[in-house]
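Student: Got a structure for you, questions after.
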């Protein structure tokens, strides 16, 4: 009863009325839709949207391969998470945050994208570890990522747990995060500081 998800990648290209080309990539249940430069279809240029199944989780604009302006990030059910201004390198708004006006100076550590992206990545990589399945082990694993002021992972560890089959599988999968992923480090008094980001994965045999 292992959950082994194969990643299927394919591409479709169509022409929109402006002469721009639009592409759609399917990576498992993640679906990217974006425009590209007519002169170089490897470069994103224009509107970009990322869906998880039918849920919109990321929306923004590219300009010649670079993210620009304000992007919006969502969780499941199109639940708003936060807005990020790439031109100003600053969080604009966070769901439920009581003091939105100070986010440029004081803000928490976030994944620079929908929080579903690293979560689903781990689920797909880990599945249900065979040793844990055979032992009938259920539980949760808290993965902690130590993020540098530059937004890179400098260290990772798991919270205390008796379920070593689960923790070792999650830790191993986290080492396969794409190199281009970035995190937004915590800001204190308008300074980016080393911070910690937590991802919790639940394993349930029932």
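Student: Taking only the Cα atoms of segment 7-103, how large is their convex hull per residue, in Å³?
Tutor: Values: hull volume 10.7 nm³, N = 97.
In segment 7-103, the Cα hull volume divided by residue count equals 111 Å³.
Student: Hey, what angle do you get for helix 164-174 against the long axis of the chain, alpha-carbon based, 0 to 90 degrees rounded to 10?
Tutor: The answer is roughly 20 degrees.
Student: If I model the chain as equal point scatterers sitting on the Cα atoms and use the Debye formula, what is log10 I(q)/I(0) at q = 0.10, 0.17, 0.18 Å⁻¹?
Tutor: The computed values of log10 I(q)/I(0) come out as -0.51, -1.25, -1.33.
Student: Among 174, 114, 39, which one moves the most in a GNM of the chain with springs linking Cα atoms closer than 10 Å?
Tutor: Highest fluctuation among the options: 39.
Student: Further, regarding this structure: Give me the Debye-computed log₁₀ of I(q)/I(0) at q = 0.14, 0.21, 0.22 Å⁻¹ for segment 91-206, equal point scatterers on Cα only, no solvent, two decimals.
Tutor: The Debye formula, applied to the Cα set alone, gives -0.63, -1.11, -1.18.
Student: Also, I was wondering about something else. What is the spin-label model distance, in nm, from residue 179 to residue 88 if the labels are put 7 Å beyond Cα along the C-beta direction?
Tutor: 3.3 nm
Student: In whole percent, what relative contact order does segment 7-103 give with Cα contacts below 8 Å and a gap of six or more residues? Mind showing how you got there, number by number?
Tutor: Working: 212 pairs, mean separation 13.1, N = 97.
Relative contact order comes out at 14 percent.
Student: Along Cα→Cβ, 7 Å out, is where each label goes; now give me the distance between the ones at residue 130 and residue 146 in nm to one decimal.
Tutor: 3.3 nm
Student: Mind checking which of 129, 38, 149 has the largest fluctuation in a GNM of the chain, springs on alpha carbons under 10 Å?
Tutor: For the chain, modelled as a Gaussian network with Cα springs under 10 Å, the answer is 38.
Student: Expressed as a rounded percentage, what relative contact order does the chain have, with Cα pairs under 8 Å and six or more residues apart?
Tutor: Value for the chain: 16 percent.
Student: Please give, to one decimal in nm, the separation of the simple spin-label points placed at residue 160 and residue 67, each 7 Å out from Cα toward the Cβ.
Tutor: 3.6 nm
Student: Report the dimensions of segment 45-156 along its three principal axes from the alpha-carbon atoms, largest first, rounded to Å.
Tutor: Between the extreme Cα coordinates on each principal axis of segment 45-156 lie 50, 30, 27 Å.
Student: Counting alpha carbon pairs within less than 8 Å and at least 6 residues apart, what relative contact order, in whole percent, applies to segment 105-206?
Tutor: Numbers: 168 pairs, mean separation 46.2, N = 102.
For segment 105-206, the relative contact order is 45 percent.
Student: Taking Cα atoms, how many degrees apart are the long axis of helix 116-126 and the longest axis of the chain, rounded to 10 and kept between 0 and 90?
Tutor: Between the helix axis and the principal axis of the chain, the angle is about 40 degrees.
Student: Could you calculate the contour length gain from residue 172 to residue 97, that is, 0.36 nm times the residue separation minus the distance between their Cα atoms, to one decimal place in nm?
Tutor: On the way: separation 75, 0.36 × 75 = 27.00 nm, distance 3.30 nm.
Gain on extension, residue 172 to residue 97, equals 23.7 nm.
Every number in this text was worked out from the coordinates using simple rules, so none of it is lab data. Computed from a prediction, not measured in an experiment: that's the story for all the values here. Cβ sites come from the backbone with ideal geometry, for glycine too, and all protein chains shown count toward neighbours.
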